[in-house]
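Data first, discussion second: the structure below is written as structure tokens.
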């Protein structure tokens, strides 16, 4: 039997924390390893406890959730971050995805959707609600443009979805940085999207797998 998914909760509202812990406690394949009440604690506990999933609110005291995601990325932490927040403005969503968050859900999402998101992210996939994704790609419905991408462009799209820069993509694929940038330009043109965060949203909507 597979080990349960280790989940760290980073949330400063006690009622929501209790609800999340109760929900996780009903799932045989999930285990809450701890609760962080502010951003600094979330960053520290994620490093020491090494959970599989960090359920992270953006509006945390002391250090906001976006800074936590950025800090974990810079530290090379392997924890996958699932944002669960009331902050649904496009700027926050773009920033979270750009920093490498694996998923983004509103706090009023139902429990079944949250559990599905946790399992998807734990499997190495990304998850975002259709309503949130639509904020990024109002003119690019899912599955409309995918067949126009070359194999190389599809691979680059997945890596952009992971939050990799052109330099990091060039190293991963053993190509020049100029070639990586060219692939990104082609993706933007073919998909009708504007930036890397929108590419990440597209990759999430099409459930492109994350790569180690």
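The values are calculated or read from the model by the stated rules, or taken from the named source; none is laboratory data. Please read all numbers here as calculations on a predicted model, not as lab measurements. Reconstructed Cβ throughout: ideal geometry from the backbone, glycine too, with neighbour counts over all protein chains shown.
For residue 29, which of the numbered conditions (1) free of Cβ contacts under 8 Å to residues at least 40 places away in the same chain; (2) farther than 20 Å from residue 105 by Cα fails to hold?
It fails just one condition, (1).
Is it the case, given these coordinates, that residue 10 is at pLDDT 95 or above, farther than 25 Å from residue 160 by Cα and within 16 Å of the chain's Cα centre (by Cα)?
Details: at pLDDT 95 or above: yes; farther than 25 Å from residue 160 by Cα: yes; within 16 Å of the chain's Cα centre (by Cα): yes.
When the stated conditions are applied, residue 10 passes them.
Could you please find all residues in segment 73-83 being at pLDDT below 95 and surrounded by 16 or more Cβ atoms within 10 Å (Cβ to Cβ)? So that I can check it myself, show each step before the final result.
First, pick out the residues of segment 73-83 that are at pLDDT below 95: 73-78.
The answer is 77, and nothing else.
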